[in-house]
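Below: the structure, in structure tokens.
The values are calculated or read from the model by the stated rules, or taken from the named source; none is laboratory data. Owing to the predicted nature of the structure, the values given are computational and were not obtained by experimental measurement. Please note: Cβ atoms are built from the backbone with ideal geometry, for glycine as well, and neighbour counts cover all protein chains shown. Heavy atoms of the whole protein, side chains included, go into the accessibility calculation; ligands, DNA and RNA do not. Shrake-Rupley method; radii C 1.70, N 1.55, O 1.52, S 1.80 Å.
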Amino acid sequence: MIEFITQPWPWWFSGLMISGIMFFLLFFGQSFGFSSNLRTICAAAGLGKTNKFFDFNWRGQIWNIVFLIGAVLGGFLTKQFLDTGAPVQISQETIQDLSKLGISEPESLQPTEIFGTDAMFSLKGFLILAIAGLMVGFGSRYAGGCTSGHAISGLSDLQFPSLIAVIGFFVGGLIMTFLIMPLIF
Amino acid sequence: MKFIKFLVLGVIFGIVMTKSEAVSWFRIQEMFRFQAFHMYGIIGTAVTLGVAGVALIKKFKIRDFSGNQILFSPKDNSVYRYLVGGTIFGLGWALGGACPGPMVVNVGYGYWAMAIVFFFALIGTYLYGVLKSKLPH
């Protein structure tokens, strides 16, 4: 049992659990959409005073902020109690492709070249993190949702706008992966 | 007390996303390079079960725990904002290897660099709010 828990979990179990989380949120009268939290935090920080996009009743979104705190806690608990710290089991082709970009094969969950302390405090490393965040934050609000809101909730409801958004996610992801990343790494 | 259930769901989300490696930058790269089924399996399973479940909720007019019928509001009809916004999101998703949920899960796991990504995601959202009226939707 302990061995099963500390091993990486299979995709089908993860997919099952994620749809379960979406259904429980619906049952609790809410919906699954994580990036709304970004707008809520801006509103809670008082930015509604200068911009009307952030002037709304953000207190009605506290449940989602609590979900966010739970997600942080979930990451922490996994690291402390459920993890072997084993390298991520990605395919050999991906390891080879990434080595051409100067990213060494996985030793843990994340590449040290991007998320290690040295990278974080270098100018280039910091800019990579900052620009990635800017684009995710800007793009998710422009598109009206992120992976949870569009790819999971929206597609489950067969919403055409969500399909367009998910196509956009992939257009952007492929441009970054194949055209831009070879230039910056 | 009424928020405890959302905390529990958030904890489960964080654990599942970490244990299935969906919060890993490596897995997102592998997905965009079409070199493994893993991420497609996760999203595909969730969406397949989701489509079936949402259809059942609508067909049987299932109610939530406080007795209100569960309703789904259609999103505004447009192509431009979803395609352009989605593409900008995708650029960031591939570069940082995380969408907003996995960012905070990573912070909990101990990757402080993800806190920088998340902080700038807040700034990005604020920028959208500032530019909203000037952007085509």
- Item | Gaussian network model of chain B, Cα within-10 Å springs - most flexible of B:92, B:41, B:101 | B:41
- Message: Defining a contact as two alpha carbons under 8 Å apart and six or more residues distant in sequence, what relative contact order in percent does the range A:1-83 show?
- Response: 26
- Message: Given a 1.4 Å probe and heavy atoms of the protein chains only, how would you sort A:19, B:73, largest accessible area at the top?
- Response: B:73, A:19
- Once you sort the root eigenvalues of the Cα gyration tensor of chain B as a ≥ b ≥ c, which label holds: rounded (a/c under 1.5), prolate (a/b larger than b/c) or oblate (the other case)? rounded
- Note on the structure: Rounded to two decimals, the Debye log10 I(q)/I(0) of the range A:1-83 (Cα scatterers, no solvent) at q = 0.14 Å⁻¹ is -0.64
- Within 10 Å of each Cβ in peptide A:77-84, how many partner chain Cβ atoms are there on average? Round it to a whole number, please. 4
- Note on the structure: For the protein assembly as shown, the dipole about the Cα centre with charges only on Cβ (Lys and Arg +1, Asp and Glu -1), to the nearest 20 debye, works out at 1340
- Taking the dipole about the Cα centre of the range A:1-83, with the C-beta of Lys and Arg at +1 and of Asp and Glu at -1, give me whichever of A:28, A:9, A:47 is farthest to the positive side. A:47
- Query: With charges only on Cβ, +1 for K and R and -1 for D and E, what is the dipole size of chain B about its Cα centre, in debye, rounded to 20?
  - Reply: 480
- Once Lys and Arg are counted +1 and Asp and Glu -1 for all other residues with Cβ under 14 Å from that of residue B:20, the total becomes -1
- Query: Across peptide A:25-35, what mean number of C-beta atoms from other chains lies inside 10 Å of a residue's C-beta?
  - Reply: 6
- Which one of B:116, B:7, B:37 has its Cα pushed farthest toward the positive end of the charge dipole of chain B, where Lys and Arg give +1 and Asp and Glu give -1 at the Cβ? B:7
- Note on the structure: Rg/Rh over Cα atoms for chain A, Kirkwood Rh, comes to 0.98
- Can you tell me the order of B:18-24, A:33-39, B:55-61 when each peptide is scored by its average per-residue count of other Cβ atoms within 10 angstrom, highest first? B:18-24, A:33-39, B:55-61
- Theoretical gain in end-to-end length, residue A:127 to residue A:62 [0.36 nm per residue, Cα-Cα removed]: 20.3 nm
- Note on the structure: Row for the range B:1-66, column shape: gyration tensor on C-alpha, a ≥ b ≥ c, rounded if a/c < 1.5 i.e. under 1.5, prolate if a/b over b/c, else oblate; value oblate
- residue A:9 accessible area, 1.4 Å probe, all protein chains in place, Å² to nearest 10: 30
- In chain B, which helices (entire DSSP H runs) extend 30 Å or more along their own long axis, judged by Cα positions, while averaging at least 0.0 on the Kyte-Doolittle scale? B:38-59
- Taking θ as phi - 60°, what are the ³J(HN,Hα) couplings along the range A:160-169 by the Karplus curve (6.51, -1.76, 1.60), each to the nearest whole Hz, with x for Gly and Pro? 4, x, 5, 5, 4, 4, 5, 4, x, 3
- Item | Exercise: per-residue mean of other protein chain Cβ atoms within 10 Å, A:36-47 | 4
- Note on the structure: Here, residue A:118 and residue B:112, labelled 7 Å along Cα→Cβ, have an inter-label distance in nm of 1.7
- Query: With labels modelled as points extended 7 Å from the Cα through the Cβ direction, what inter-label distance (nm, one decimal) is found for residue A:175 paired with residue B:123?
  - Reply: 2.1
- Item | Size of electric dipole in the range A:1-83: Cβ of Lys, Arg +1 and of Asp, Glu -1, about Cα centre, debye, nearest 20 | 420
- Message: Please compute the contact order of chain B in relative form: average sequence separation of alpha-carbon pairs under 8 Å and at least six residues apart, divided by the residue count, as a percent.
- Response: 27
- Compactness check, the protein assembly as shown: C-alpha Rg relative to the 2.2 N^0.38 Å globular estimate gives 0.94
- Message: Using a 1.4 Å probe and counting only protein heavy atoms, how much accessible surface gets buried when B and A come together, both sides summed, in Å² to the nearest 100?
- Response: 10200
- Solvent exposure, largest accessible area first (probe 1.4 Å, DNA, RNA and ligands not counted), of A:150, B:137: B:137, A:150
- Message: At 7 Å along Cα-to-Cβ for each site, give me the label-to-label distance between residue B:131 and residue A:167 in nm.
- Response: 2.3
- So what is the relative contact order for chain A, in percent, with contacts set as C-alpha pairs under 8 Å and at least six apart? 23
- Message: If I build a Gaussian network model for chain B, linking alpha-carbon pairs within less than 10 angstrom, which residue out of B:67, B:90, B:110 has the largest mean-square fluctuation?
- Response: B:67
- Task: Using a 10 Å cut-off on Cβ atoms, rank the peptides A:117-129, B:76-88 from the highest mean neighbour count down.
- Result: B:76-88, A:117-129
- Message: Suppose R0 equals 22 Å. What FRET efficiency, 1/(1 + (r/R0)^6) with r the Cβ-Cβ distance, do residue B:59 and residue A:28 give to the nearest 0.05?
- Response: 0.60
